[in-house]
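What follows is calculated from the coordinates using simple rules that are stated; it is not laboratory data. Model, not experiment: these values are computed from the prediction. Reconstructed Cβ throughout: ideal geometry from the backbone, glycine too, with neighbour counts over all protein chains shown.
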Amino acid sequence: MIKPLLIALSLCGSLAYAEGGIVTAGPLTSLDKLESFQSVKNAATPRRSIAIQQWQTSNGAKVLFVAANELPMVDVRVLFNAGSARDGEKYGLASLVSRMLDEGTPTRSTDQIASAFENLGASFNAASYRDMFIVDLRVLSENKYLEPALDVFSDVIAHPSFPEEPFNRTFDGAQMGQQQRQQSPSAQASILFYQHLYGKHPYAHPSNGTPESLKTISIDDLKAFHQRYFVAQNATIAIVGNIDTQVAKALSEKISTNLPQGTPAEPLPSGITLDKAQHKHLAFPSQQTHIMIGQATLRRDDPDYEALYVGNEIFGGGGFGSILMKELREKRGLTYGVYSSLSPMQVEGPFTISLSTRNDQTQDALALIRTNLQNFLRDGVSDAQVQEAKDNILGSFPLSTASNGSILAYLGSMGFYNLPLDYLDSFNERINKVTAAQIKTAFRQHVNPNKMLTVTVGQGVTVVKK
């Protein structure tokens, strides 16, 4: 079941299209959804009652907590405004920090950290995306496991030593990843897309860096990045689990007080809008051409989000029932799958259409996408299409809060993007209020076919001059 993950990803925003992250392309937007939720909406899983508490720690970290007593577990996520948008000219810096975070502290070696988590049955993970840096802990809620796991977790976050030997090993692994991405047409399409869409904006460079940029990064750079951004004033702590509020407050205080108070990261510059349509092509020895079309259009706090979300479900986000899938796959067999997606971020994230097609069908696919987008913007959608999209979205939404991990993702993103605490409770109401007229207005305001970037990676493509 894909849709619950999508709602969480859509909330997270920055996770989409983050190289090396969870999502790398549009197909996950409705990966092989075999039937409409219209047929199963009456059997949807009841949504859990989620009482969200929020507070600040003594040195300024934001905390969101949900007590969940169904499992004897505690999930903790610490988010820093320290994604690859903060790399500066050292592209890939945040990514290297995420890989090195648990490689040692002044009091614990790499092996000691790994053994401590393993002996406690705890799991640890760190990852960076364009907007955010995420550090996760999952452990049993019983105090004899929770307390020592939290000690190690707090030490790793606050006091990484970035030792030389693991750094060299991590660097070699990062360079191997660069070689793999150079051999992947879909990865090259994504890199090219962000590069030309965002130009000099911090979102433009690959989150994993480039072979050249990685060579400029030193251990001192990792230490300086950590010192600047891993501070309480730049942190959001999300907690879900089988503990009460008092324990959650003590837990969050322990994490926060290990960090310097610091200051929040500076606001990112506004996204850059293209003045006119552009087409960038990379010749690549593959049997298929990978296509990405889109423009920077949506902030996570934009009031048009719900209208665009429902509209995108109709246009290209709703699997086999979407307009793009019917027109390009079912009617003409031009592709196995074509998808549109919204990736709202701190500043304008992209609206993207993505697919792959046989090299000799590329021009037909491009022409058909443009025609369908123009028709969609001109004609809008019917009330019946809107209702079906709502049924699909709302029918799957209860499943998106069925696990502690999915709730944790919501809490972290709500705190990071400063969304209201009633976001989950009011989601159904906001979606139900969306009308066909609102969708048409929102898409015409945010999507302009005459200012979109087209990227093709493959063989035999003629670039049309605009």
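Taking every Cα-Cα distance in segment 164-235 and sorting them into 10 Å bins from zero, the calculated P(r) comes out as 17, 39, 35, 10, 0 percent. Shape descriptor for segment 220-329: Rg over Rh equals 1.13 (Cα atoms; Rh from the Kirkwood inverse mean 1/r).
Mind giving me the FRET efficiency for E89 and N125? R0 is 25 Å, r the Cβ-Cβ distance, nearest 0.05 is fine. For R0 = 25 Å, the calculated efficiency reads 0.35. Among 158-164, 73-79, 126-132, the peptide with the highest mean count of other Cβ atoms within 10 Å heads the list, and the full ranking is 126-132, 73-79, 158-164. Please grab the % of Cα pairs in segment 375-466 that end up more than 21 Å from each other. In whole percent, the long-distance tail amounts to 57. Between the C-alpha center of segment 87-139 and that of segment 199-266 there is a gap of 11 Å. Exposure proxy shown here: for F320, F376, F427, the number of other Cβ atoms within 10 Å sets the order, fewest to most, as F320, F427, F376.
Dividing the summed -39500 (n - 2.57) terms of all DSSP H runs of n ≥ 4 by the residue count of the chain sets its mean residue ellipticity at 222 nm at -11500 deg cm²/dmol.
Could you tell me which of rounded, prolate or oblate describes segment 100-168, using a ≥ b ≥ c as the square roots of the eigenvalues of the alpha-carbon gyration tensor, with rounded for a/c under 1.5 and, failing that, prolate when a/b is larger than b/c and oblate otherwise? Oblate is the answer for segment 100-168, as a/c is 1.5 or above yet b/c matches or exceeds a/b. The label-point distance for K215 and N375, in a model that sets each label 7 Å from Cα toward Cβ, rounds to 5.1 nm. Among L71, L394, the ranking by other beta carbons within 10 Å of each residue's beta carbon, starting with the fewest, stands as L71, L394. In sequence order, segment 354-364 has phi-based couplings of 9, 6, 10, 8, 4, 3, 6, 9, 4, 5, 5 Hz under the Karplus curve 6.51 cos²θ - 1.76 cosθ + 1.60, θ = phi - 60°, and Gly or Pro positions carry x. What would the Debye formula give as log10 I(q)/I(0) at q = 0.09 Å⁻¹ for the alpha-carbon point model of the chain, no solvent? With one equal scatterer per Cα and no solvent, log10 I(q)/I(0) is -0.61. Cβ-Cβ distance of R332 and T257, R₀ of 41 Å, FRET efficiency by 1/(1 + (r/R0)^6): the value works out to about 0.10.
Each peptide among 433-445, 340-352 gets the average number of other Cβ atoms lying within 10 Å of its residues, and from highest to lowest they stand as 340-352, 433-445.
Label separation (Q112 vs A384): 6.9 nm, computed from points 7 Å beyond Cα along the C-beta direction. For T297, the residues 5 or more places off, or on other chains, whose built amide H falls under 5 Å of its own are G349, F351. Volume per residue for segment 53-257 equals 132 cubic angstrom (convex hull of Cα atoms). When Rg and the Kirkwood radius Rh are both evaluated on Cα atoms of segment 130-194, their ratio Rg/Rh stands at 1.16.
Need the C-alpha centroid separation for segment 414-453 versus segment 286-314, integer Å. When both Cα centres are located, 11 Å separates them.
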